[in-house]
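Data block below; observations after.
The values are calculated or read from the model by the stated rules, or taken from the named source; none is laboratory data. Small disclaimer: the values here were computed from a predicted structure and weren't measured. Backbone-built Cβ (ideal geometry, glycine too); neighbour counts: all protein chains shown. Note: areas computed on protein heavy atoms with side chains; ligands, DNA, RNA excluded. Shrake-Rupley method; radii C 1.70, N 1.55, O 1.52, S 1.80 Å.
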Amino acid sequence: MMDNLLFVIFPYAAVLLAVVATAQRYFKSGFSYSSLSSQFLESGELFYGSVAWHFGIIAVLIGHLIGLLFPERVLWFNGVPVRLYILESTGLLFGLLALVGIVSLLVRRIVSARVRAVTTPMDVIVLVLLLIQVALGVYTAIFYRWGSSWYAAVAVPYLRSLLALRPDVQLIAPLPWVVKLHIVNAYLLVAIFGFSRLVHMLVFPVQYLWRPYQLVIWNWNRWRIRGQAPALSQQPVEASEPIREPMTRRRPAFTR
Amino acid sequence: MKGISMMSMRSGFTWSVIGLCAGLLISIEARGQAPSPGATLFEKRCYSCHNIGSGDKKGPDLKGVTLRRSRDWLHEYIKSPAAMNRRGDPEARALFKKFAPEVMPDQDITDEQIDAILALIDELTRKNETFVPAGAKLSRPVTPADIDLGRQLFVGRRALSNGGPACISCHTVSGVGRLGGGTLGPDLTAVNVKYRDPELIAILQNPNFPTMKTVFGTRPLTDEEIVQLFAYLQNVKPAHPTTQALAGIARIEPWFVTIGFVVLLGAIIGLNVIWKSRLRGVREPLVRRSTS
């Protein structure tokens, strides 16, 4: 009964909630689709948090997706032990990277007074749930080896049964509770998706990858304007007209 | 008198011989008979964890269980042992405690099937016989070449015909691969000591353990694969005496974790190198420049 509730009813309810809440928020307050950058408030710790977290979690999520889409291919790849070990070590690396990142982000939220000032309760909930999720994943990778293979053989058939609307909870019933908690926590993250900063992944500016350059050309010496240019600081600054500096490098004149 | 006595002795001997022959014939015929529905069910569904008359395995020996417990209790317990344990049934609790950490999973089984199994247990208990699986035989004798073929199946170098995942996904044995096999399932190094040959063959034919059942229920091993894996598992030698003691306990593979952390350190250093000229702040550099 409990298994049905957690692994059949909950995932469908979570997806439904995520879709409805996300759509409603988009149409009612589309400008709230952001993770609200706090880089200006604190950038040192953020580097170790944000960069490590995003590289780690994106690679891990892609790994889960590949397993879901091509389980037979994954099992075939793992057929040679060395390849299995390389895949598992890579997975562990990105899992650990995500763990370092999420711990940094959580510590930064708590320690930095400036960041704390702009932190909502939902931000903390998201960070804690993500920390639990990644910690359980890393624990599973280390203690219940080799996850990439048995995920493809045991968990993927269950996930596919959910997607096919013919849920079969028996497939994952015998898995250890750590793995079950990992699955339930994932559904919890889906459920809060529309109410949290997680929506920012839907408006990730992927078009930046193929967008034409935007070339910024400074026609004056910024340092000199601010009176900070070390060599020229003795000269009076004429603020009324821009101080031209000789163009030392000609750049292509992109106009778009 | 003596003549009569000799006559009766001779006829007694003749009858004994006839009786013995008839007994042998009956027993040979009985061996040739198809196993009862209860025996087939027991072999498929229960034998992985239970014996009848030859001692405890992962679960208790079921000889005499129909005399020890009521039929209703047995029906209820077989269908959902965990529910009875949760409800606080003292006998269920005692079983869970005795056989921890093994937990008997709920069985998807009908009342008629349970009755057939209980009838088999009744019969063998009454006759004081042990259960010997009828189908637990290899399809052909094992040859030395099977050991390496079995190893290839175990690690996945040769795929299982019906699409099942390689054993290494969840199990390890001593000396397999540099980082060993999986730890979701138990270490199989000493599996030939833990199980008798027919038991091991029966498990390979019908792995009725919860996870194995879901994975291999629709993708069974072929007869040939069973021979080869059986040969390999019989020949795995523990690398050191502690292997058997630790079997089944999820444990860390030191090299795997070390590799993970070393590469993590490399990755963090790499990220710092790539972004070494990142903006580290706005106000501090301004102040530094103006004061220098």
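For the reader, a short list of remarks on this structure follows.
- Added length on full extension, which subtracts the Cα-Cα distance from 0.36 nm per residue, A:A173 to A:V206: 8.0 nm
- Of A:T22, B:T291, A:T90, the order by accessible heavy-atom surface (1.4 Å probe, DNA, RNA and ligands excluded), from most exposed downward, is B:T291, A:T90, A:T22.
- For chain A, the share of accessible area belonging to carbon and sulfur comes to 69 percent (1.4 Å probe, ligands and nucleic acids excluded).
- Estimated distance in nm for a label pair at A:L188 and A:V19, the labels positioned 7 Å out from Cα along Cα-to-Cβ: 2.4 nm
- Neighbouring partner chain Cβ atoms per residue of B:177-185, average, 10 Å criterion: 6
- Highest-MSF residue in chain A out of A:I125, A:I142, A:I217 [GNM, Cα springs under 10 Å]: A:I217
- Most fluctuating residue given options A:Q133, A:Q170, A:Q207, as computed from a GNM of chain A linking Cα atoms under 10 Å: A:Q207
- Local electrostatic count at B:L41 - Lys and Arg +1, Asp and Glu -1, tallied over other residues with Cβ under 11 Å: -1
- Residues of region B:213-237 that lose at least 40 Å² of accessible area (1.4 Å probe, protein heavy atoms only) when the other protein chains are present, relative to their chain alone, are B:T214.
- Surface accessible to a 1.4 Å probe, A:W218 within the full protein complex, Å²: 120 Å²
- When the charge dipole of the protein assembly as shown is built from unit charges on Cβ atoms (+1 for Lys and Arg, -1 for Asp and Glu) and taken about the Cα centre, the candidate among B:Q107, B:A82, A:A117 whose Cα reaches farthest toward its positive end is A:A117.
- Relative contact order of chain A: 27 percent, from C-alpha pairs under 8 Å at least 6 residues apart in sequence.
- Normalised per residue, the accessible area of region B:137-239 is 43 Å², obtained with a 1.4 Å probe and no contribution from ligands, DNA or RNA.
- Once all protein chains are placed together, A:M201 keeps about 110 Å² accessible to a 1.4 angstrom probe.
- The residues neighbouring B:D72, those whose beta-carbon lies less than 13 Å from its own, together hold a net charge of -2 under the Lys/Arg +1, Asp/Glu -1 convention.
- Note on B:R68 and A:L65: their simple-model spin labels are 5.4 nm apart, each label 7 Å out from Cα toward Cβ.
- Accessible surface, 1.4 Å probe, highest first, among residues B:T130, B:T66: B:T130, B:T66
- Among the GluC sites (Glu not before Pro) within region B:126-235, those in coil by DSSP and having at most 12 neighbouring Cβ atoms inside 10 Å are B:E129.
- Under the span-like rule (Cα at least 20 Å along the axis, Kyte-Doolittle mean at least -0.5), DSSP H helices of chain A: A:10-28, A:52-69, A:81-111, A:121-143, A:177-192
- Most to least accessible of A:H64, B:H171 (protein chains only, probe 1.4 Å): A:H64, B:H171
- Two-site FRET efficiency, A:L181 against B:K276, from Cβ-Cβ distance with R₀ of 35 Å, rounded to 0.05: 0.35
- Each Lys or Arg adds one and each Asp or Glu subtracts one; over the other residues with Cβ under 11 Å from the Cβ of A:S32, this totals +3.
- Simple spin-label estimate for A:S43 and B:D61 gives 7.6 nm between the two label positions (7 Å along the Cα-to-Cβ direction from each Cα).
- Given a 1.4 Å probe and the protein chains as shown, B:E123 ends up with an accessible area of around 70 Å².
- Buried solvent-accessible surface, both chains (B, A), 1.4 Å probe, Å² to nearest 100: 3500 Å²
- Residues along region A:168-184 losing 40 Å² or more of accessible surface when the other protein chains are present rather than the chain by itself (probe 1.4 Å): A:P174
- Divide the volume of the convex hull around the Cα atoms of region B:137-239 by the residue count and you get 94 Å³ per residue.
- Surface composition of region B:37-127: carbon plus sulfur atoms hold 54% of the accessible area, using a 1.4 angstrom probe and ignoring ligands, DNA and RNA.
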